[in-house]
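All remarks here apply to the structure that follows.
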Amino acid sequence: NYYITRSTLLRKFRLNNLFSSSSTSPKFNISNLFNMSKVIATHSGTFHCDECLACYLLHQTTEYEGAEIVRTRDPEVIKNCDIVVDVGGVYDPSKNLFDHHQRGFFETFNDEFLTKLSSAGLVYKHFGKEIIGNLLNTQEEETINLLYRKMYKKCIESIDAIDNGIDQYDTDQIPKYSITSNLSSRVGRLNKNWNDDDSVDQYQQFLKGVEITGIEFKEVLDTFANSWLPARQICKDLFAKRFDVIETGEIVILDTGCHWKGHLHAIE
């Protein structure tokens, strides 16, 4: 069930040893088997929105740009990959291990949030600021910090919650309707159906999931960077001039249409 079969890995490993110029066998590293610098591991079988987004996010970092993605549950393959997301049963960022399924895992984005992280949230927590800087081509610290929190709250947290089975609110009422058009549902529908023939390649379907989660992430980020953030600056400037309107400073005149309520509340 790997994208690259175990027999192929072993065969290439033997060839790697055979043609080594060293008298001793080099330490096996799966990244040597690809024309790539890094390899990302995630689980095989049914895929979900969180690991698709996690893989997209890693591809936006300097270190893992263009990295191969291997889908497997084989511990021998996993341990030789450069970074592991959503599989392996361990969360240890110092070892590039980012799973959330193990008992005793209760990591959240920060003390402000209660939602347990999925692999998407874990990767975003550790790499999100770099990713935002790379995608927007900016090193402006205030901009990155503002968007880092905003993107988690408005884009990533719901994916974490859905993957971990957390409802939006507590209720004993039967929902009047169901929502199946969210990003997690759309990615889920990309999985092979039970009656699909072999013409449907599960790995290629997974890559479609990576692509659509990336499109969604980038669209949300672009909206916040190019619309929400400029509106914040307008509100800051007008708030600073409020005493020019009335000596008590209790009135702010907004002379252009923009998102202002949330910004004004935060600035106050």
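The values are calculated or read from the model by the stated rules, or taken from the named source; none is laboratory data. What you see is a predicted model; the values in this text were computed from it and never measured. Because the Cβ atoms are built from the backbone with ideal geometry, glycine has one as well, and the counts that use them run over all protein chains shown. Ligands, DNA and RNA are excluded from the accessible area calculation, which covers all protein heavy atoms including side chains. Shrake-Rupley method; radii C 1.70, N 1.55, O 1.52, S 1.80 Å.
Assorted remarks:
- The residues of the stretch 175-207 that are among the β-branched types (V, I, T), without any contact (Cβ under 8 Å) to a residue 40 or more places away in the chain and under 28 Å from K154 (Cβ atoms), listed by number, are I179, T180.
- The conditions of being open to solvent by less than 30 Å² (accessible area, probe 1.4 Å) and over 28 Å from I267 (Cα atoms) are not met by T171.
- Being on the phi < 0 side of the Ramachandran plot, in contact with a strand residue (DSSP E or B) (Cβ under 7 Å, 6 or more places away or on another chain) and aromatic (F, W, Y) is a property that holds for Y203.
- Answer residue from the stretch 52-67, given it is open to solvent by less than 10 Å² (accessible area, probe 1.4 Å) and assigned to a helix (DSSP H, G or I) and is farthest from I159 (Cα to Cα) among those: L58
- Of all the residues in the stretch 180-195, those that are of a type outside the set (A, V, I, L, M, F, W, C) and in a loop (DSSP other than H, G, I, E, B) number 8.
- Test: N145 is over 16 Å from N110 (Cβ atoms), open to solvent by 30 Å² or more (accessible area, probe 1.4 Å) and either charged (D, E, K, R) or over 14 Å from the mean Cα position of the chain (by Cα) (or both): no
- Hey, K116 open to solvent by 10 Å² or more (accessible area, probe 1.4 Å) and under 15 Å from the mean Cα position of the chain (by Cα) or not: yes
- Checked against the criterion of being buried (at least 16 other Cβ atoms within 10 Å of the Cβ), at pLDDT 95 or above, closer than 25 Å to T138 by Cβ and of a type in the set (V, I, T), the stretch 87-103 has no qualifying residue.
- Applying the condition of being aromatic (F, W, Y) and open to solvent by 80 Å² or more (accessible area, probe 1.4 Å) to the stretch 208-261 and asking which residue is farthest from K153 (Cα to Cα) yields F243.
- Cβ separations smaller than 6 Å between residues 6+ apart or across chains give the following pairs from the stretch 253-268 residues that are within 15 Å of R242 (Cα to Cα) to residues that are open to solvent by less than 100 Å² (accessible area, probe 1.4 Å) and aromatic (F, W, Y): I267/F239.
- S178 vs. criteria within 23 Å of I132 (Cα to Cα) and open to solvent by 40 Å² or more (accessible area, probe 1.4 Å): no
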